[in-house]
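Novice: I'd like to ask you about the structure that follows.
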Amino acid sequence: MPETQTKKSDYLIEHEDYAVWNINSGDSTVHARRISGRFRNIKWLTMATLLIPFFILPYFTWNGRQAIYFDIPARKFYLFDVTIWPQDLLILALLMLFAFILLFSMTAIAGRIFCGTMCPQTMWTDLMTLTERWAEGSARQRIKLDAMPWNAEKIRKKVFKHLMWVTICTLTSVTFLGYFSGIDNAWSKLFNLDYNVYEWVSFWFVFFLFYINTGFVREQICNWVCPYARIQAVMTDKDTITTTYDYHRGEPRGRVKKGQDNSDKGDCVDCNMCVSVCPTGVDIRDGSQIGCINCGLCIDACDDIMTKVGREKGLIRFMSYHELENNLSAGKRFLRPRPMIYMLATAITFTGIMYTIFFKADLDMNVNHERSPTYTVMSDRTIQNMYHAIILNKTELAANFTLKVTGIDGITTNFDNKVLKLTSGQAKKIDLLVKVPQKNLSGGRQPITLKLEAVDHPELTKTYESMFFGPGN
């Protein structure tokens, strides 16, 4: 290591060619090398945690039906024991809000960590490149294969690779359809070529989306298409940790030669392993770049080289701009206003989701009082109010319901001794006429309670508080 620290200004002057990033504009194919290490293990773990459930959850049943099923024609979503109806739009809105805020929180703390570990583009690209390695060999062999003229060997390897890609994309498309039309139905219709026009459009859209994006354009999605790469700058600050090359340690670069004095060189041995393992083909030593997805594979590669040459790990590591510029150690990354606000909003949103799910009513009743006239004086000296009620049965059962109104002595309705029959998911609009003897009214308005109750299932009830209006209002 040199005794004097390298300033960034000196670094850029000394290495002017690195001040301009070399971003792949699509004229070359990135063949990234496979590297083992803790960040590669993290990627495998997140893939197992997210991909395996995606492919196997449609095959689980729950209470005689598919455990996770989005029944669009019936307008209800099944999530194990939870059934989400169109009237439960708040749950879906909170779920989307939770996902966005969680993404903001992750970005404020660790940049594009979502891109490098959990993004579908990244996970399916990993699957495609894994099968590509099985078919065509290592990165160096794939580069040679692309450069060689077409022959029997090249055709055989390319066909084998694309057959595996087609298999992966077909499984993905059918699984996706299975969440909306039932997994058994999705497979049987595929084998019988019996999809309707919407199912065929969905099937081929998902198929080619993954086949083209993760098979051919890959890193171009991260560099040019993904909007998240453009908006992440507003969610980060100088204390956000990202994959960073420590030029204080690394410069000046140079190959290590046995038997020679290497004290005038930095820790970077210019092996280019960090570039060869990068799935988007960027050189992290050139500084933070839009193509970097924070996967950490360059850290694994660099740590491996540092171990081999007998130098300290961490030449490339997760650190913030503040740490890099001031040559500091890692600070309290979470105890900053921005991530703390994001995490608080995430916790509040998650609490709201749990509350709306676990305290979601199985019956819904919305009651509006008729405004014109507010009340009517009947010939028998009773006061009548009209209410417009919409009742929704959000259970999986067809049931008979009674509607009772209480709160004032002598109160009667046109639904006394009547039964309302509602099938599963049925909504019914009724005109409710409520009468009260005028002598029983003590003022211009008095509170009343409407109670909807299932005849055979007393636990299914719904109450609604309203007001009864009379003379003197």
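Novice: Report the far tail of the P(r) of the chain, meaning the percent of Cα-Cα pairs longer than 33 Å.
Specialist: Tail of P(r) above 33 Å: 57 percent of Cα pairs.
Novice: Can I ask one more? For the peptides 343-355, 266-278, what is the packing order when you average, over each peptide's residues, the other Cβ atoms within 10 Å and list the highest mean first?
Specialist: The densest-packed peptide leads the list: 266-278, 343-355.
Novice: Starting from the 7 Å offset along Cα-to-Cβ, what nm value, one decimal, do you get for the label separation of Met354 and Ala147?
Specialist: For Met354 paired with Ala147, the spin-label model returns 5.7 nm.
Novice: Label points 7 Å out from Cα along the Cβ direction at Asp194 and Asn440: separation in nm?
Specialist: Taking the two extended label points, one gets 6.0 nm.
Novice: Multiply the residue gap between Arg140 and Thr449 by 0.36 nm, knock off their C-alpha separation, and tell me the result in nm, one decimal place.
Specialist: Value of the extension gain: 103.6 nm.
Novice: Order these peptides, 358-367, 429-438, by their mean beta-carbon neighbour count within 10 angstrom, highest first.
Specialist: By packing density, highest mean first, the sequence is 429-438, 358-367.
Novice: Given 0.36 nm per residue, what is the gain on full extension from Val256 to Asp184 after removing their alpha carbon distance, in nm?
Specialist: Working it through step by step, the gained length comes to 19.9 nm.
Novice: Please sort 144-150, 291-297, 421-427 by packing, taking for each peptide the average over its residues of neighbouring beta carbons within 10 angstrom, highest first.
Specialist: Ranking, from highest mean packing down: 291-297, 421-427, 144-150.
Novice: Related question: Kirkwood Rh, segment 239-394, all Cα pairs: how many Å?
Specialist: Kirkwood hydrodynamic radius for segment 239-394: 21.5 Å.
Novice: Further, regarding this structure: Roll a 1.4 Å probe over the protein heavy atoms and report the accessible area of Glu459 in Å², nearest 10.
Specialist: 130
Novice: In whole Å, largest first, what are the principal axis extents of the Cα atoms in segment 135-195?
Specialist: 45, 21, 11
Novice: Assuming 1.306 mPa s and 10 °C, estimate D for segment 213-296 with Stokes-Einstein, Rh taken as the Kirkwood radius over Cα pairs, in µm²/s.
Specialist: 106
Novice: Quick one: if you take sqrt(5λ) for each eigenvalue of the C-alpha gyration tensor of segment 332-377, what semi-axes come out, biggest first, whole angstrom?
Specialist: Each semi-axis is the square root of five times an eigenvalue, giving 45, 16, 5 Å.
Novice: State the answer as a single residue: which of Ala389, Ile35, Pro252 lies farthest towards the positive end of the charge dipole of the chain, with beta carbon charges of +1 for Lys and Arg and -1 for Asp and Glu, about the Cα centre.
Specialist: Ile35
Novice: Bin width 10 Å, origin at 0, all Cα-Cα pairs of segment 332-473: what percent of pairs per bin?
Specialist: Taking every Cα pair in segment 332-473, the percentages come to 10, 32, 23, 16, 10, 7, 2, 0.
Novice: Please find the FRET efficiency linking Thr402 to Ile52, where r is the Cβ-Cβ separation and R0 is fixed at 41 Å, and quote it to the nearest 0.05.
Specialist: 0.25
Novice: If you don't mind, there's one more thing I want to ask. With a bin width of 10 angstrom, please list the P(r) values of segment 163-225 as percents of all Cα-Cα pairs, from the 0 bin to the one holding the largest distance.
Specialist: 22, 47, 23, 7, 0
Novice: Quick one: what does P(r) look like for segment 384-459 with 10 Å bins over all Cα pairs, in whole %?
Specialist: 17, 47, 25, 10, 1
Novice: Based only on the alpha carbon positions, what is the Kirkwood hydrodynamic radius of segment 272-316, in angstrom?
Specialist: With all distinct Cα pairs of segment 272-316 included, I get 10.6 Å.
Novice: May I pose another question? Taking 4 °C and 1.567 mPa s as the conditions, I'd like the Stokes-Einstein D for segment 71-199 in µm²/s, using the Kirkwood hydrodynamic radius from alpha carbon pairs.
Specialist: 69
Novice: Full-extension gain between Asp304 and Met340, please, as 0.36 nm times their residue separation minus the C-alpha to C-alpha distance.
Specialist: 9.5 nm
Novice: Still on this structure: Kindly state, to the nearest 0.05, the FRET efficiency for Asp270 paired with Leu97, given R0 = 51 Å and r defined as their beta-carbon distance.
Specialist: 0.65
Novice: Using a Förster distance of 51 angstrom, determine the FRET efficiency expected from the C-beta separation of Val367 and Ile42, and round it to 0.05. It would help to have the intermediate numbers written out before the result.
Specialist: On the way: r = 53 Å, r/R0 = 1.05.
Taking R0 as 51 Å, the efficiency between Val367 and Ile42 is 0.45.
Novice: On to the next question. Could you do me a favour and compute the accessible area per residue for the chain, 1.4 Å probe, result in Å²?
Specialist: Using a 1.4 Å probe on heavy atoms only, each residue of the chain averages 54 Å².
Novice: What helices does the chain have that are whole DSSP H segments, at least 20 Å long along their own axis by Cα, and with mean Kyte-Doolittle hydropathy of 0.5 or more?
Specialist: Span-like helices, by this rule, are 38-56, 89-110, 197-212, 337-358.
Novice: What percent does the relative contact order of the chain come to when contacts are Cα pairs within less than 8 Å and at least six residues apart?
Specialist: Here the relative contact order equals 15 percent.
The values are calculated or read from the model by the stated rules, or taken from the named source; none is laboratory data. Keep in mind that what you see is a predicted model, and the values were worked out from it rather than measured. With ideal geometry, Cβ positions are generated from the backbone for all residues, glycine too; neighbour counts draw on all protein chains shown. Heavy atoms of the whole protein, side chains included, go into the accessibility calculation; ligands, DNA and RNA do not. Shrake-Rupley method; radii C 1.70, N 1.55, O 1.52, S 1.80 Å.
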